[in-house]
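Please treat every number below as a calculation from the coordinates, not as lab data. Everything quoted here is computed from the prediction, not taken from an experiment. Note that each Cβ is placed from the backbone with ideal geometry, even for glycine, and that neighbours are counted across all protein chains shown.
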Amino acid sequence: MKLNEHSQNLGGRIITIQVVVFVLLALLGARLYYLQVVRGDYFSERAENQRIRLIPIPAPRGAIFDRNGKILVDSRPTFNVVLSNEPIKGIEVDDRVDEYAKGLSLEPAYVRERLVSIKKQNDFETLVLKDNASMQDIAWVESHLLEFPELRVELQPQRFYPHGTSMAHVLGYVGEISPKQLESDEYKQKGFRPGDIIGKGGLEQYYDEYLRGTPGYRKVIVDSRGRVQSEIGKVDPQAGQDLVTTIDLDLQNAAEQQLAATPTKRGTIISMDPNNGEMLAMASLPSFDPNIFVQGSKTKEGRKQIAAYWQDPQRPLYNRAIQGRYPPGSTWKIPESVAGLEQGAITVAHSNLACGGGIQVGNKFTRCMGNHGSPKLDYAITHSCDGYYYRLALKLGIEGITEMVEQFDYDKLSGIDLPNEKISQTPKSWRPIVEKREGKWSDIRTVYSGIGQDTVVITPISHLRAIASVGVHGKMYVPHFMKEFKPVGAVGEEGDPSYIPGREGFTFLHPEAKPIPMTPEQEEIVVRGMWGVVNNGGTATSIHIPGFDIAGKTGTAQVAELGKDVGGKKDHAWFVSFAPAYKPEIAVLALVENVGFGGSFAAPAAKGVYEAYLAKKGILPQVDADQVAKQ
Amino acid sequence: MVAIIEKHEIRDFDWLTTGLAIAIASFGIWQIHNALPTESYWTKQIIGLLIALAAFAVVAVSDYRRIIDAAPIIYVIGLVLLFLVLTPFGVEVNGQRAWVRLPLVGQFQPSEFAKIPTVLMLAKYFGARKGGTLQLREVMIGALIMAGPLGLIMLEPDMGQALTYIPIFAAVLFLSSIKIRYVIAGLLAVVVFVPTAWYVGVKTGKIKRYQQERVNVVLDPDSADPRGYGYHTVQSMITVGKGGLSGTRGDTETSQSVLKFLPEPQTDFIFAVTAENTGFIGCISLLLAYALLISRLIDGAREVSDKQGMLVIMSIATAMAFQIFMNIGMTLGFLPVIGVPLPLMSAGLSALLSTFVAIGFVVSVRMRRFVN
């Protein structure tokens, strides 16, 4: 402190500076203690969160097969060119539009729209720039990795429907979960997230839970621009379970070709094994291509096509077999006949009722198409005598008809394993409405309901189920498409947090068949009548197949209100049937919209399906379906 | 050269200060390696340290009094170098025009070197005065000495470097018998002036938006946009905090710097790298090393025989301490992001060289403390 003496307390000032320096350094030490020791774990976690990403690996969805193992729905690998927003934040949209558009053969306007939208998203989000990328696209992206770090190629299994419009209503399609679905508790509970692919419509929706796999993920380290540096873990996805359906692809094709060959090309043909409810075919025309929904929702043309489907007055998206409701016309006489016998309105021994060429109710005479005298039940069925059924309906009364509706489950869903099935409308459901509106249920409505008109508007599936039961001693099976779900193995090591247990295979659990109380004699007389329709001078003898006895019933349902002008709208043609008549193996229902007589249009269409069935069994030579269609 | 070094010079040579400085610089090289192991910054820094040590040795064995005598010439050279930045010799790096590239010499940062001539000039002037309280005229002359380099640096502009000159002047005035009431008045003026200048600057738009954001993130880190201008501060704090008690000990595979979350890890944010790799223990050790080094310098200042030597040491020590505080304070998120290197640690030859030259002066002064 030599300088001390000749200064203004210089030593004190030096110490002051030293103290200030120490205080500042101590301040730094205190702050370090806070950041590193007190909040060290918090910052460690933040550091980890910003460098570790989970990149999902989509799980392959289960495939769908027909009953003979033919593929109906599959997933095939496609590649998407994906934009990630982290590296693109600092990039001007204009700098990229032309390069991307040229390199990936895209519309500049579309590229611009995608770029603008990814820039608005949260950090580390990605957006598909181009799906179904070609090998050239992939090569272009790979060769421009350094230039455009924001682009990435991602594998994306895409649902593929190789048969196009065929079975579209049964299979449904898949698509991104909608914002509305995400809101609903049902989907929330299952942990769905935006962008998840779910089944929409058909079996894809009904069995989504089993078809869907469990996605895996890659755990990677990314740098500050979101570029993957290394992979530090991987959890493999678990594939969804394969579904074997009861569909017979050959019968399905035959059914669709038959429908396509009709004048209006509108209607439905469904076929079922009457002995257990297995659905062999379900065709509904017009149809749609589910591939459009899967691939096309991202392109302008695809969106246009989807909108066109929704707006088409012919309603291609609607499954006529389970959502359409039609007056059954004379096909209604089959359950009515069973009900008549069961309720004692007629008996096997005394089944005659007058035809009378029609019936007088009040001041109105409703005609029969012919004059059948006083036929027995089987004759009335074979020749479709309306007069007989006017009287049978009156004998049953509205109460009897209501009982019949309940007996044959026309007031319920069939329980088929498809979403959005509709319930039929019947005199039972209409009665309260009519009584409220008109004060009473008039006899004329009972008469009309006797021939499947007016208040009888039913779904084809509920009708097929009822008709088929008559051939198998009154057993109403629940129709279904699911035959079997195949098992899927476990993924990962047991005890691991990421371990996914295997899923067991299972077959359709048949609910108890609903019995229709019928004596063998009662069954015999009804089936004899149906047999006669095709084989004994009835309304569909034109489709007789030697050696294969079809039992059926035609129907010609008026579209306009009874007794009014049809106004150019032709009748719906029906044919309901099973075969062989006394030991049925297959039941077929054909409904063709607005073509005319059931015997002329619906019955031949059903015959096409039977021929395909026989061809498969080797009883008939394989028939070229197109040839049949032309006939 | 060896012949010139006399016995007492070896005896009085400040081995501790020299050893501490070399130790900190070596520790710094390890951290530069940790920051970016695959880049060549750390090897360049080794070469830089060797060059710096050579310059240090030359300065340390020279007689500082003769150098102070030559202060006006050195000062002018310093001003010329600073002026060169503004000429076509000036080079822009990272959007900042603070470098000069000269043929043969290469690229360097004059603002780092110009500190020494400024210190020498101030020491020469204020060290020569004969006691008594400081006159306003003397303060004005000191301010003029400061104005040369400061003005040129602010023209670059490099506010961070300019700020490091302020404590030099403050220390010189404080130690030249300025009246305590002026010191208090000065402190009060700063307390009033800084917020006022800030307010006016923001209102008039003189303080740019990014500069405002850098301050706002420190004042209110929670509401700052971690992806925007607050990014540097937030990432720096994450990096420091991640180090925890004992750090990642050189495991750099997933480090903040390697993954490019931490900006400028080898220069301005080298302390964050240190914190990540060596944790609280390493950081406190480094702070203690700095404290020891600065104490050692200040001890020397007490012992020197002449006032000029004392002023040289004290202004170098103060400038160094202030720069350490600014840099680490910025890294720890309580000072705004200002581009000043951490003495002896940050990669960069200019800073390392000027720091060792400065320490060389201190050693030279100390070595001659008993000579009169």
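When the Cα atoms of the range A:46-171 are enclosed in a convex hull and the volume is divided per residue, what value in Å³ results?
Each residue corresponds to 158 Å³ of Cα convex hull volume.
Starting from the coordinates of the alpha-carbon atoms of the range A:227-336, obtain the Kirkwood hydrodynamic radius over all distinct pairs and give the value in Å to one decimal.
For the range A:227-336, inverting the mean 1/r across all distinct Cα pairs yields 17.7 Å.
Largest first and in whole Å, give the semi-axes of chain B's equivalent ellipsoid, each being the square root of 5 times a Cα gyration tensor eigenvalue.
Value: 32, 27, 20 Å, ordered largest first.
Considering amide H positions built from the backbone, and no H for Pro or chain starts, which residues 5 or more places from B:Leu262, or on another chain, come under 5 Å of its amide H?
B:Ser257
Computed from the mean reciprocal separation of all distinct C-alpha pairs, what Kirkwood hydrodynamic radius does the range A:414-512 have, in Å?
In the range A:414-512 this quantity evaluates to 17.8 Å.
Once each part is reduced to its C-alpha centroid, what is the distance from the range A:283-331 to the range A:398-429 in angstrom?
The two parts, judged by their Cα centres, are 25 Å apart.
If amide hydrogens are placed 1.01 Å from N in the peptide plane, which non-local residues have theirs closer than 5 Å to the one on A:Ile57?
The answer is A:Gly216, A:Tyr217, A:Arg218.
Restricting things to Cα coordinates, could you compute the convex hull volume per residue of the range B:147-258 in Å³?
Convex hull of Cα atoms, per residue: 196 Å³.
Short version: ³J(HN,Hα) in whole Hz for each residue of the range A:484-498, in order, from phi by Karplus 6.51 cos²θ - 1.76 cosθ + 1.60 (θ = phi - 60°), x for Gly and Pro, what are they?
7, 9, 7, x, 10, x, 6, 10, x, 8, 5, x, 5, x, 8
Quick one: how many lysine pairs does chain B have with C-alpha atoms less than 23 Å apart and a gap of 8 or more or different chains? Give me the count, please.
Eligible lysine pairs with Cα atoms under 23 Å apart amount to 9.
Tell me, what HN-Hα J-couplings in whole Hz come from the Karplus equation 6.51 cos²θ - 1.76 cosθ + 1.60 at θ = phi - 60° for each residue of the range B:321-331, using x for Gly and Pro?
Working through the residues one at a time gives 4, 4, 5, 4, 5, 5, 5, 5, x, 5, 5 Hz.
For the range A:67-86 and the range A:472-548, what is the separation of their Cα centres, given in Å?
One Cα centre to the other: 32 Å.
Residue by residue through the range B:76-81, what is 3J(HN,Hα) from phi via Karplus (6.51 cos²θ - 1.76 cosθ + 1.60, θ = phi - 60°)? Round to whole Hz and write x for glycine and proline.
Calculated HN-Hα couplings, in order: 5, 4, x, 5, 4, 4 Hz.
For A:Lys569, give me every one of the aspartates and glutamates with a C-alpha distance below 14 angstrom, ignoring sequence neighbours fewer than eight places off in its own chain.
Of all the aspartates and glutamates, those that pass the test against A:Lys569 - Cα under 14 Å, at least 8 places apart if same chain - are A:Glu561, A:Glu593.
Excluding residues fewer than 8 places away in the same chain, name every one of the aspartates and glutamates whose C-alpha is closer than 16 Å to that of A:Lys119.
Output for A:Lys119: A:Glu86, A:Glu92, A:Asp94, A:Asp95, A:Glu150.
Which entries in the list A:Lys304/A:Lys412; A:Lys395/A:Lys583; A:Lys483/A:Lys616 go over 27 Å, if you measure between the two C-alpha atoms of each?
With Cα atoms farther than 27 Å apart: A:Lys304/A:Lys412; A:Lys395/A:Lys583.
With +1 on the Cβ of every Lys and Arg and -1 on the Cβ of every Asp and Glu, and nothing else charged, how large is the dipole of chain B about its Cα centre, in debye rounded to the nearest 20?
It comes to approximately 1000 debye.
Once amide H atoms are placed 1.01 Å from N in the peptide plane, what residues at a sequence separation of 5 or more from A:Glu585, or on another chain, have their amide H within under 5 Å of its amide H?
A:Ala579
Beyond 38 Å, what share of the Cα-Cα pairs of chain A remains, rounded to the nearest whole percent?
When all Cα pairs of chain A are counted, 48 percent exceed 38 Å.
Which whole-angstrom value gives the distance between the alpha carbon centres of the range A:202-238 and the range B:146-216?
Taking the Cα centre of each part, the range A:202-238 and the range B:146-216 sit 55 Å apart.
What ranking do A:212-219, A:249-256, A:299-306, A:332-339 get when scored by the average of other Cβ atoms within 10 Å per residue, highest first?
My ranking of the peptides, most packed first, is A:332-339, A:249-256, A:212-219, A:299-306.
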